[in-house]
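Read the structure below first, then the notes.
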Amino acid sequence: MNQRNGSQPPDAGALFQESVAIMARLRGPGGCPWDREQSFSTIRKYTLEETYEVLDAIEREHRADLAEELGDLLLQVLFYAQMGDEAGYFSIVDVLGHLNRKLIRRHPHVFGEEASAAAGNRAQVDAATATEATGVLANWEAIKRAEKSTDGASASLETSLLNEVPRSFPALLEASKLGGKAAKVGFDWPDRAGLLEKVEEECGEIEAEVRAGAAPEAVEGEVGDLLFTVVNLARHLKVDPELALRRSNAKFRRRFAAMEQASDGALSERSAAELETLWAQAKQQEAVGAE
């Protein structure tokens, strides 16, 4: 809690109401022309950008930036809620109501089974078993499944376990979640050794398609299979593939920048051998700096 000079900290509820009022004014008559022109479709790309900026601030461990980026992400929620209110779909009150009920519903071990049931929980879970994170997660999933079975959206026998994984997820996350769901019914590689063999197999299939002059769609399919396998290898190793790739991207940025600084001229003027030498120097420089 931020408190300065011994004064009382600002009231979060009052500040939130102020933010809601500001958003309404920006979208209202005499408000901001740009804000008034936006729609659910046009705002979504900014939501994704703000989400990744939050992740970046977390990775850099820059708390001041994180506070600001979280505010920007909250702005997206306020924007959607205001547009929903204007169209008569829902309001910020509905958003908060759904959130509060869900938190109570899925935490019977905290709020009590009676409160959880009043908030809509229809799953039979033993709150007393949720003394560790694994128990909490198991109850959470059971309550979540009960929610989906009672909303009337998927009562068909054709409902797949994998339908629980949103198709809208980023590809890396979707692949990891799909593999995890399939593993729950025993459809999975037994260990990482099998996955490493599968990675080699998929690389060979890519090479075979390329050598055979296959259509681009066929090559794309084999590359997709390789990526899917690598993501599931990461799952077995308890590595988040998205975070792992982001770290590798950051590492590549650092090393490439070091190459540019070490080069007498433009990198485009260097031979392949010279570029490889600069890359090796950048790696060595980074390793020395980490000691």
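The values are calculated or read from the model by the stated rules, or taken from the named source; none is laboratory data. Computed from a prediction, not measured in an experiment: that's the story for all the values here. Ligands, DNA and RNA are stripped out before the accessible areas are found, and what is left, the full protein with its side chains, is counted by its heavy atoms. Shrake-Rupley method; radii C 1.70, N 1.55, O 1.52, S 1.80 Å.
Comparing ALA258, ALA218, ALA12 in a Gaussian network model of the chain where C-alpha atoms under 10 Å apart are linked, the largest mean-square fluctuation is found at ALA12. Per-residue ellipticity at 222 nm from helix content only, as computed over the chain with -39500 (n - 2.57) for each DSSP H run of at least four residues, stands at -23000 deg cm²/dmol. So if I take the centroid of the Cα atoms in the stretch 175-215 and the same for the stretch 70-87, what is the distance between those two points in Å? Here the answer is 40 Å between Cα centres. Computed in the context of the full set of protein chains, the accessible area of the chain at 1.4 Å probe radius has 56% of its extent on carbon or sulfur. Taken over the Cα atoms of the stretch 223-276, the convex hull encloses 110 Å³ per residue.
Roughly how compact is the stretch 186-230, stated as its Cα Rg over 2.2 N^0.38 Å to two decimals? Numbers along the way, then the final one.
Values: Rg = 11.7 Å, N = 45, 2.2 N^0.38 = 9.3 Å.
After normalising by residue count via 2.2 N^0.38 Å, the value is 1.25.
Computed over the chain with a Gaussian network model linking Cα atoms closer than 10 Å, the most mobile of ALA257, ALA67, ALA57 is ALA257.
Exposure check, 1.4 Å probe, all protein chains in place: HIS98 carries approximately 120 Å² of accessible surface. Note that the chain presents 69 Å² accessible area per residue, ligands and nucleic acids not counted, probe 1.4 Å. Scaled to the globular estimate 2.2 N^0.38 Å, the Cα spread of the chain, given as radius of gyration, is 1.33. Using C-alpha pairs under 8 Å with a sequence gap of at least 6, the mean separation divided by the residue count of the stretch 21-132 gives a relative contact order of 16 percent.
Here the translational diffusion coefficient of the stretch 161-266 follows from Stokes-Einstein with Rh set to the Kirkwood radius across Cα pairs; for 10 °C and 1.306 mPa s it amounts to 99 µm²/s. One compactness figure for the stretch 91-153 is 1.10, namely its Cα radius of gyration divided by 2.2 N^0.38 Å. Largest GNM mean-square fluctuation among TRP34, TRP189, TRP140, using the chain with Cα springs under 10 Å: TRP34. In the structure shown, the pairs LYS102/LYS177; LYS144/LYS198; LYS144/LYS177; LYS181/LYS251; LYS148/LYS198 are assessed against 27 Å; a Cα-Cα span above that value is assigned to LYS144/LYS198; LYS181/LYS251; LYS148/LYS198. Rounded, prolate or oblate: which fits the stretch 51-157, taking a ≥ b ≥ c as square roots of the Cα gyration tensor eigenvalues, rounded meaning a/c under 1.5, else prolate when a/b beats b/c? Oblate is the answer for the stretch 51-157, as a/c is 1.5 or above yet b/c matches or exceeds a/b.
Only protein heavy atoms count here; under a 1.4 Å probe, THR134 has an accessible surface of about 100 Å².
Calculation over all alpha carbon pairs of the stretch 1-88 in 5 angstrom steps from 0 returns a P(r) of 3, 13, 18, 20, 18, 14, 9, 4, 1, 0 percent.
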